[in-house]
Structures are given as C-alpha cells and as structure tokens.
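Have a look at the structure below, then the notes.
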Amino acid sequence: MAETRKFICVHEKKYFPVLDSVADAFYREAVKLAKPDTLRPWYHIVELYEKAIERNHWKAMHNLAALYRTGWPGGVEKDTKRTIDLYQRMIDLNIPQGFYNMGAMIGNSAGITNPATDGLTFLDKAARMGNPPALTQLGKLYIYVGKKEELGLQYIRCAAEQGYGQANYELAAYYRIVDKNFPIALQYYQLALSQGHEGAAFTMKEIFVKSTPPHMALWYTPEDSLSRLYNDFYQQLLIDPDLRFPALMKDHPLPPHPTQGYDADRPDWKPDH
C-alpha cells in the first residue's frame, strides 16, 4: 500500500468516448429487455449487445461481459474467456471501467493465471483515471489496511463526487465505525440511498425501527413514520435497482441525533434545508 505520488481527483467521464448513436440504440434496447420485471429474451439481448459492440460501444461490452462472467440459467452460458476478451477490448479503448474489471477478475482468480499480473496494478490505473469503483476499493484498502485514513478518504470522496452510491455508503461506514460521528454517517447513508444504494435503504429503515438494538440504530430515537418511509424506498429498489431519488434530502430532512445533533464535531451546526 505504498503511495509515493500525490493523489489528484480525476472524474472518469473525461475518458469516455462519444458513443455511436446506432450502437447506443442497440444498447438501450438490450438494457430495456434485460429489466428484472420482464421475461428477458436472452438470445435477442445478447444479439443487441453484440451489434452495439461491433460499433465499439463500451457499455455494451461491460454488460455482456457481466453476463458471460456469471452465466444466467436458461439464458446465457458462462464463458470466462469471452468475459476477459471483452474487458481487454475495453482496455484497448482506454476505458477506466475496463481496467477495473480486469483487476477484479485477477483479484478473484477468475480465469487469469499469469502470476506476474497484479490486480492492484489495474485497479490503480482505473483509479488514476477516476473510476469510482476502483477509487472506492483502493480507498478502503488505504484506510483499513494501509492505515492511511486521510489518503483513503480522498479516494472515496473522489468517487462520491461522481454520484457513486457505494462511495457514500462507505463514507457512512467510516463515520459510523471509525469516527463515531453518527449524524454525519446518517447523512451519507441518505445520500447513498438517493443514488439508488439498496444497502443504504435497508440500513436507514432499520435505524428507526423500535426493535433495533440502540448500538445498531446509532442511538437514534425510533420513529415508525421514518421506518415506513425508508422501507418504502427499500422495497422500490428491490423491484427496480435503477431508481434514483434526487429530491430525497430536500423532501425528507433528517432529524437531529439525540446527543450529537447534526454533527458531533460541530455542535452548533444545522443543515440548510
């Protein structure tokens, strides 16, 4: 976990090529057909992704590789070689997500057996290009393994700036577990939920349930109306993980913590609602 270079936050969209409009139409139709609440005609979905890939649509490469990585019963047969080929094609196009995907494959020992290949090298490359999953994963390693909290937080905050729900979820965990600043943790949970993070929705509904042990509820006062509210968001995300709730913070301001207020480190601070 040595870090010799100064960290500079880069947003990965600067590396995104302009997508071919015809390819994007194929991609969007495939995504629509692959929604959980549909019958999902896998043969046609794969065909549409392949047509998009012929025109260098990197998002189609990413989605199709994910299908081949795990397989889908009755639809897509698992094919590790095809997955790796698609990730390599993303790398050839200099797509940050491609470097992250390849690093994850190496880290999971999933079909890449070259002992000279280091998954962290790919993750670092992806992070340097601003890929939110890579930034978040490396940030956690710096915080909890490398014991470099401030550097790790820089990585995760860079991912959070890009609207990545998992990054805000990890920030919530940091303020909950490490910093013990429970109102700030709750704010990050709510922000992650607004960005469609299912785990954040589950956590928030549990915090306000009367039966939740106080330490698990961050010592917040139980409140049925809030538990029902966040359970509703949780149920919506179970049905459609692509939902987002951008007005959540404005429409549903959080209550102050019984002892820490809105920020344990700034007792007199109040959010601007």
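The values are calculated or read from the model by the stated rules, or taken from the named source; none is laboratory data. Everything numeric in this text was worked out from a predicted model, so none of it was measured. Backbone-built Cβ (ideal geometry, glycine too); neighbour counts: all protein chains shown.
Restricting attention to segment 196-217 and to residues that are part of a loop (DSSP other than H, G, I, E, B) and hydroxyl-bearing (Ser, Thr, Tyr), the residue that is surrounded by the fewest Cβ atoms within 10 Å (Cβ to Cβ) turns out to be Ser211. What are the residues in segment 145-162 that are in contact with a helix residue (DSSP H, G or I) (Cβ under 8 Å, 6 or more places away or on another chain) and surrounded by fewer than 22 Cβ atoms within 10 Å (Cβ to Cβ), if any? Listed by number, the residues that qualify are Gly146, Lys148, Glu149, Leu151, Leu153, Gln154, Arg157, Gln162. In the set (1) more than 24 Å from the chain's Cα centre (by Cα); (2) in contact (Cβ under 8 Å) with a residue 24 or more places away in the chain; (3) loosely packed, with under 13 Cβ neighbours inside 10 Å, the condition left unmet by Trp42 is number (3).
On the basis of being surrounded by fewer than 14 Cβ atoms within 10 Å (Cβ to Cβ) and either more than 21 Å from Asn131 (Cα to Cα) or not aromatic (Phe, Trp, Tyr) (or both), does Pro96 make the cut? No, not satisfied. Residue selection: Pro183 satisfies the criterion of being touching a strand residue (DSSP E or B) at 6+ places or on another chain (Cβ under 9 Å), modelled with pLDDT of 95 or more and surrounded by 13 or more Cβ atoms within 10 Å (Cβ to Cβ).
Residue pairs whose Cβ atoms lie under 6 Å apart, sitting 6 or more positions apart in sequence or on different chains, and linking a residue in segment 160-181 that is at positive phi to a partner that is of a type outside the set (Gly, Ala, Ser), are Gly163/Gln195. Report whether or not Tyr220 is part of a helix (DSSP H, G or I) and either under 30 Å from His11 (Cα atoms) or over 14 Å from the mean Cα position of the chain (by Cα) (or both). Here the answer is no, as Tyr220 does not meet what is asked. Restricting Asp224, Asp268, Asp251 to those that are closer than 26 Å to Gln162 by Cβ, loosely packed, with under 12 Cβ neighbours inside 10 Å and not basic (Lys, Arg) reduces the list to Asp251.
Scanning segment 47-83 for residues that are surrounded by 17 or more Cβ atoms within 10 Å (Cβ to Cβ) and β-branched (Val, Ile, Thr) yields Ile53, Val76, Thr83.
Filter segment 233-271 down to the residues that are among the acidic types (Asp, Glu) and either outside the structural domain of Ile184 (by TED's automatic domain parsing) or more than 20 Å from Ala172 (Cβ to Cβ) (or both) and list them by number. Those that are among the acidic types (Asp, Glu) and either outside the structural domain of Ile184 (by TED's automatic domain parsing) or more than 20 Å from Ala172 (Cβ to Cβ) (or both): Asp240, Asp242, Asp268.
Going by the conditions given, is Tyr234 part of a helix (DSSP H, G or I), modelled with pLDDT of 95 or more, more than 25 Å from Leu135 (Cβ to Cβ) and in contact with a Leu (Cβ under 9 Å, 6 or more places away or on another chain)? Yes: the conditions hold for Tyr234.
Candidates Asp24, Asp37: the one that is touching a residue at least 12 places away in the same chain (Cβ under 8 Å), outside any loop (DSSP other than H, G, I, E, B) and more than 24 Å from Glu161 (Cα to Cα) is Asp24.
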